[in-house]
1. In region 182-300, if every C-alpha pair distance is counted and binned at 10 Å from zero, what percent goes to each bin?
2. At q = 0.12 Å⁻¹, what log₁₀ I(q)/I(0) does a Debye calculation on the Cα points of region 299-360 give, no solvent, two decimals?
3. When the chain is fully extended, how far beyond the present Cα-Cα distance does residue 254 get from residue 272, taking 0.36 nm per residue of separation?
4. With springs connecting C-alpha atoms under 10 Å apart, model the chain as a Gaussian network and identify which of 45, 168, 99 has the largest mean-square fluctuation.
5. So what is the 222 nm mean residue ellipticity for the chain from helices alone, if each DSSP H run of at least 4 adds -39500 (n - 2.57) and you divide by all residues, rounding to the nearest 500 deg cm²/dmol?
6. What is the Rg over Rh value, at two decimals, for the chain, using alpha-carbon atoms and the Kirkwood definition of Rh?
7. Tell me, Kirkwood radius of region 357-413 from alpha-carbon pair distances, in Å?
8. In square nanometres and to one decimal, what's the mean projected area of the convex hull around the Cα atoms of region 1-52?
Amino acid sequence: MSASDSRPSIAIIGGGPSGLCLGVLLHKHGVPFTLYELRDKPDDSTLLTPSGMLDLHQESGLAAIRACGLWEDFQKHILDCSEELIVMNKHARVTHRDSGGSGPQSRPEIARNTLTHLLLESIPAESIRWECKLLSASRTSTNRISLDFGAKGILEHDFVVGADGAWSKIRNLITTVQPYYGGNQYLTLDILNATTRYPALSTLVGTGSCFILGSKKGVVSHRGVQDSIRLYVGVSTEDETPFCAPSADLEAGSLKRALVDSSDLFGTWSEQVKDLISTAVDETLVTANATQLSEPKPLYMLPIGHTWEAQPGVAIIGDAAHLMMPWAGEGVNLALWDSLDLANTIIQSWDKAEDAAEFQQIVTPLVSEFDKKMFERSKRAAEETWKNSKMLFSDDGAQAMADMMAAFQQMAS
Ligand SMILES: Cc1cc2nc3c(=O)[nH]c(=O)nc-3n(C[C@H](O)[C@H](O)[C@H](O)COP(=O)(O)OP(=O)(O)OC[C@H]3O[C@@H](n4cnc5c(N)ncnc54)[C@H](O)[C@@H]3O)c2cc1C
């Protein structure tokens, strides 16, 4: 066996933020890997499609972007959505407004697709295998990890990172825990070129993020590429039964009626908010994003504070490790932080180990150390997320959120 054959072979499952960021960092340090992703390779046109904004935080998401050497490129892509935050109640009365933090408090917003492109550009094309859906993973008698990609084959690796999101197949090698419904579901809608075509709606939601909250429901918007307004229409429900019929079964008129005429949903909300929702339904149906409307999506979470014992040859990061609802804006930040820390763990072990067996011996206790830090920070974020979900989806979420923002501002001053 040649020296290069005996080096550990590393796989990353999942090309979301955590998998791609880990890939960039490993590549930067000359550690080879193969990343398997179930989707097709995205083309440049996805950059023009609204994909939701992610605000990155200094100690986590932004630290990872800097470590990837992408800070300057990142700066060019944060102009679509300002850091402005508007909170209003169901009658469109503003309860809080601020223009975002500056310096170390700044949390710039980047489109999900743009972040994907930025990271992808720093990974050699031959390191990624697209359209490879992992069906299951198991451990071989020689302690390697066997990955079953169905018709794409069964492949073995010495070390596998599960960056495969909520329904991770790699997590099954570590723990039996599974995600469960978190109590909220949402519809995604988009309005393109909003400033010129819908100036009143554009003014209503502002240049950044807007939370319109009340009666255990919420309409949350972010500005984005193509001068868009992305709208998440969210409700809290006891179970996952869709809160409105799948739109495949509806035309725009009946979906609008279901949303804005029913007093159980948004029928008693201000005319401005109802106009925002109705316009977004119409607009979404005529854009390429119409599939977004397909049906309300339930939000899932993993148990807060769940832990596991590190197992040889595997690690999990991002949503695969600590899926939570998006109400504290921490998911992608934790995912990138995990990538940064795990990359250091892998690189350290790679540099010391002569061969695959030695790599496994060195890396397993280091992964255990990595896990402990990840457990601590993800538990904190999951608790905050859960608290926020109760607060945002309370009877007067707008006042509760305004009070929370006032308390933050007081602490910062
Ligand atoms: C509506 C919504 C809004 C959100 N807003 C925010 C926000 O504002 N801020 C924030 O911080 N977070 C937000 N989040 C959470 C954030 O999106 C996630 O935490 C983040 O994407 C996690 O990144 P990841 O790489 O771990 O997982 P993912 O982004 O889920 O990526 C997993 C990847 O693995 C691939 N994959 C899955 N299964 C397989 C398989 N079997 N084989 C091969 N590939 C596979 C998937 O195709 C995907 O590319 C939001 C989430 C939702 C649902």
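The values are calculated or read from the model by the stated rules, or taken from the named source; none is laboratory data. Worth saying up front: this structure is predicted, and the values here are computed from it rather than measured. Glycine also receives a Cβ, built like all others from the backbone with ideal geometry; neighbour counts cover every protein chain displayed. Quick note on the areas: whole protein, heavy atoms, side chains included, nothing else; ligands and nucleic acids left out. Shrake-Rupley method; radii C 1.70, N 1.55, O 1.52, S 1.80 Å.
1. Spelled out per bin, shortest first, that is 14, 50, 33, 3.
2. -0.39
3. Gain on stretching residue 254 to residue 272: 4.6 nm.
4. Answer for the Gaussian network model of the chain: 45.
5. -11000 deg cm²/dmol
6. 0.99
7. 14.3
8. Averaged projected hull area, Cα only: 5.0 nm².
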